[in-house]
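Novice: The structure that follows is given in the form of structure tokens.
The values are calculated or read from the model by the stated rules, or taken from the named source; none is laboratory data. Since this is a predicted model, take the numbers as computed values, not measurements. Glycine gets a Cβ as well: all are built from the backbone with ideal geometry, and neighbour counts include every protein chain shown. Remember, those area values only see protein heavy atoms, side chains included, never the ligands or the DNA or RNA. Shrake-Rupley method; radii C 1.70, N 1.55, O 1.52, S 1.80 Å.
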Amino acid sequence: QAETRLDPLNAVSVELVSPPNAFLESVLDSLDGVSWHRTWPAENLKPGANLWMFHRCAPPEGFRPAAMVIMDPSTNGFWGEVRGEWEQPMVSDWRRESDILRFVGMDHVRLQKAREFLPAGGAEVFVESFGKPLIFGRWDARSRWLVMAFSLERSDFALRTAFPILMGNLAQSRRQGDVRTETELPGVVESRLKRTAEISGAVAFAKNPSATGRWSLFSWWTLHPIWWWAVAAGVIWLLAEWLLFHRRITE
């Protein structure tokens, strides 16, 4: 028997701040329990969505919702400082154990260009190209923001399964609310299984409590499975045949 407590899952509302983009819109349509709305241009933004996604733009100064993803920002901000661009970056490593990159394979992703960033202090690099961050940010109970240092148009990331899986992981983290409860799984485990002999004997004893001797004999008989007794009977039969055969010869 195993028990654990599952927190209720919340509906996720996503505000997409982007010009029309078929890849992003299709991914959001495919996620269960996710409703989304697109805004363009990025003006008069009002916090309220569970998750904000900025594509081909950056959030206004001072705008800090509970969770946001910023795709290819071209300016400096609270996330870090732009140092330039570089051609044909290769993904060299990624944080496979991270919750947001669970089941996300980045090894075959091809990028035409990426922006070189100096991430803000405290940011974690989730995907890198030989020391240069490609996806970085913070995604924990205290702060949730993520920066992709490349655009969807200048990569094949949107064509790979890694893209919808990453978006699904981000949405799933918002389903659990702002406070995540760490629970050891599967929790306390205890067995209620009993030996077959004990159960059968208990039933027989309950029907006839005075049959103590028969209960002991029944328990002894059922300690071994049927095949064990079949093998034992075969061995006894062979020994008996051998003894009778040699006895006939000596007589």
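Novice: Using a probe of 1.4 angstrom, how much of the accessible area of segment 1-58 is carbon and sulfur, in percent? Can you show the working numbers first?
Specialist: Values: 1740 of 3450 Å².
For segment 1-58, the apolar C and S fraction of the accessible surface comes to 50 percent.
Novice: If you don't mind, there's one more thing I want to ask. Show me the GluC sites (Glu not before Pro) within segment 79-180 that DSSP assigns to loop and that have at most 12 other Cβ atoms within 10 Å of their Cβ.
Specialist: Numbers: sites: 81, 85, 87, 97, 116, 124, 128, 153; in loops: 97, 153.
Those that pass, being in a loop and sparsely packed, are 97.
Novice: What is the Rg over Rh value, at two decimals, for segment 23-79, using alpha-carbon atoms and the Kirkwood definition of Rh? Don't skip to the end; give the middle numbers.
Specialist: Values: Rg = 11.8 Å, Rh = 12.5 Å.
Across segment 23-79, the Cα-based Rg/Rh ratio is 0.95.
Novice: For segment 1-149, what log10 I(q)/I(0) values come out of the Debye formula at q = 0.11, 0.15, 0.17, 0.19 1/Å, with one point per alpha carbon and no solvent?
Specialist: -0.46, -0.86, -1.10, -1.34
Novice: Could you tell me the extents of segment 97-136's C-alpha atoms along the three principal axes, largest first, rounded to whole Å?
Specialist: Each principal axis gives a Cα extent; for segment 97-136 these are 27, 26, 13 Å.
Novice: Just how much of residue 235 is accessible, in Å², when a 1.4 Å probe is used and the result is rounded to the nearest 10?
Specialist: For residue 235, solvent-accessible area is about 80 Å².
Novice: I've got another one for you. Would you grab the residues whose amide H sits under 5 Å from the one on residue 126? Only those 5+ places off in sequence or on another chain, please, with H modelled 1.01 Å from N.
Specialist: Answer set, sorted by chain and number: 135, 136, 137.
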